[in-house]
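Every read-out reported here was derived from the displayed coordinates using simple, explicitly stated rules and does not represent laboratory data. What you see is a predicted model; the values in this text were computed from it and never measured. As a convention, Cβ positions derive from the backbone with ideal geometry for all residues, glycine included, and neighbour counts pool all protein chains shown.
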């Protein structure tokens, strides 16, 4: 199936072509209007979408498989729910999902919903901390799936998202619809390493943050091949959305974030900070819009992108944008792209540290600021170690605080 | 007395401006040399030229260290061989842990000297003793390198690095700038304790106050890119009395 053929069809024909449920007619109409993205689509300008939408894909439809219920981890295998976990206060079911965003900016958000026969619906009705693991093994196929997460009112959750497998040549299309109900809090931590010969993921999501709810998104993308994260966040009165992104791109990968944050309610707060480290011809993408509606007075909205280019072939497409329809607010945005601090580099070399090692230390320091936004020390260490593994090519445990040999002696300092 | 560092006819520029104009200077092993001079004379440029700073382009002359011209050597090679510069304005490096940085530097030098690297416990033990000696706040060790440090804390941190790295030639660039009297005393004590009869010091200063604490063996007057006078410590009194105006090239 070639995804681009859908651009010639109207909503009804799209539904028919994809064999989608008639309840998804809104999504089909929206897709007919905004189209499957192509190389001239503004939001995909810096990403190689054309090969993904023009290829004749075999859509992966596996035989139904048994779903396990054990451990503190929800597991997907090639987009199929393999383990719903056994997590107190968290239910995981396959179902029909009808609350599709009627005004998303991304065609792949709708396409993904239309392709998904069922949605995995996770509901958190009690405070919980768990992991969602995605495994991929199928090569050269289109894998599509959708996950909806509901965090009930006044419930506090932490979700760690991890990825395994390479699935060479596959296109992984999917995403989340996340609803944080009033007074809820959700910490969503995503750590994704894309190997050179793996699949290409495009995640297209929608986050709805209700009154006085708090949603903290920390994303860590270490990419040796292409991948894109797209999301739209809607903030109601008093909602707080705090997003931090760390991107390391190498090996000519084109990767990054395309986002829109909508301030709809009064006194809503958003903060979006992206740090990108780009090497070996990689292209980083930070195309992020914050829109403050006229209903959202007393909003606070801050956005910043910092990128370090480690060599001449690396490139950062940074496009922070504010669109404001009200006067009474506090807002800022900024973007810097440059090389490593020459003074800092020299200082380290003047102490006998080789230039290459000094650069690595500065890069790790640059990354550390984003990793430090993860409150969970175990996860922060795990992510930092993964970054070191990808960046250095190996991970050398050399931590003054946790080394068994030195633990006793550090306590006095 | 053997010379550890010989600078011969050194000419250097920053951008298009020639700052050092044929400077000659010998540093003797185990001695304290002070370089004094007016603003813009080239004092900091000299220190940068010795350590290989990227701002400074050496256009002529030689810097002979332990018998070898190091003009074309990388900064880290000079450091590993035992040249240490205490910076006038140490740079702040967010995210780089102070102790981790110093341990990396110490072990790089030890490896270069053929000594076994210090494990974390050995390193911390040694560093803790030096931190106490210098009267440094212990928490500074686990903070990012120089980030948010006061002027005095930065200078103490420089001296801590010097004490841990055990260099052979120490260049102190305006070590007294921005220090209150207590910090000046602590920093000076750290430097004086590091004198071992073999280590040489080059104290670069605009004011003579630091020389009350670190007693020099030689005073050199640097003016307009050249050393115009070399004498014993008695020269300080003459400088205080007459200023730099009376000194012309020898």
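What the table shows:
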{"item": "Global size of the range A:180-269 as Cα Rg and Dmax, reported in angstrom", "result": "14.7, 46"}
{"item": "Percent antiparallel among DSSP beta bridges (both partners in the range A:3-339, rounded to 5)", "result": "5 percent"}
{"item": "Inverse mean reciprocal Cα-Cα distance (Kirkwood Rh) of the range B:74-167, Å", "result": "13.5 Å"}
{"item": "Rel. contact order, % - alpha carbon contacts under 8 angstrom, at least six apart, chain B", "result": "28 percent"}
{"item": "Gyration tensor (alpha-carbon) shape descriptor, the range B:109-250, a/c threshold 1.5", "result": "prolate"}
{"item": "Cα gyration tensor, chain B - rounded (a/c under 1.5), prolate or oblate", "result": "prolate"}
{"item": "Mean residue ellipticity (222 nm) of the protein assembly as shown, computed from DSSP H runs ≥ 4 via -39,500 (n - 2.57), nearest 500", "result": "-7000 deg cm²/dmol"}
{"item": "Potential extension, residue A:66-residue A:21 segment - 0.36 nm per residue separation minus Cα distance", "result": "13.8 nm"}
{"item": "Chain A - percent relative contact order, Cα under 8 Å, separation 6 or more", "result": "9 percent"}
{"item": "P(r) tail fraction, chain A - alpha-carbon pairs more than 31 Å apart, %", "result": "39 percent"}
{"item": "Paramagnetic reach from residue A:82 in the range A:165-207 [backbone N under 19 Å; point 7 Å along Cα→Cβ]", "result": "A:165-175, A:191-195, A:198-201"}
{"item": "Spacing of the two label points (7 Å from each Cα toward its C-beta) at residue A:375 and residue B:139, in nm", "result": "2.1 nm"}
{"item": "Relative exposure of B:174, B:73, judged by other C-beta atoms within 10 Å (fewest first)", "result": "B:73, B:174"}
{"item": "Near-label residues of the range A:1-22 by backbone N, under 20 Å of a point 7 Å along Cα→Cβ of residue A:54", "result": "A:1-9"}
{"item": "Degrees, to the nearest 10: A:377-392 long Cα axis against longest axis of chain A", "result": "80 degrees"}
{"item": "Projected label distance in nm at residue B:224 and residue A:182, using a 7 Å step from Cα toward the beta-carbon", "result": "8.1 nm"}
{"item": "Cβ-Cβ FRET estimate between residue A:319 and residue A:5, R0 fixed at 25 Å, reported to 0.05", "result": "0.25"}
{"item": "Förster radius 22 Å - calculated FRET efficiency between residue B:180 and residue B:39 (Cβ-Cβ, nearest 0.05)", "result": "0.50"}
{"item": "Beta bridges per DSSP with both ends in the protein assembly as shown, % antiparallel, nearest 5", "result": "20 percent"}
{"item": "Rounded, prolate or oblate (a/c below 1.5 giving rounded, otherwise prolate when a/b exceeds b/c) for the range B:134-183 by Cα gyration tensor", "result": "oblate"}
{"item": "Set of the range A:32-60 residues, backbone N closer than 17 Å to the point 7 Å along the Cα-Cβ line of residue A:252", "result": "A:46-52"}
{"item": "Inter-centroid distance (Cα atoms) of the range A:103-141 relative to the range A:253-269, Å", "result": "19 Å"}
{"item": "Fluctuation leader among A:358, A:167, A:20 - chain A, Gaussian network, Cα springs under 10 angstrom", "result": "A:358"}
{"item": "Residue B:64 versus residue B:129: modelled label distance in nm, points set 7 Å from Cα along the beta carbon direction", "result": "3.7 nm"}
{"item": "Centroid-to-centroid separation of the range B:197-250 and the range B:70-102 [C-alpha atoms, Å]", "result": "26 Å"}
{"item": "Efficiency of FRET between residue B:209 and residue A:332 - r from beta-carbon atoms, R0 51 angstrom, step 0.05", "result": "0.70"}
{"item": "Helix A:25-34 vs. chain A, principal-axis angle (Cα, 0 to 90°, nearest 10)", "result": "60 degrees"}
{"item": "Span from the the range A:280-298 Cα centroid across to the the range B:112-169 one, whole angstrom", "result": "43 Å"}
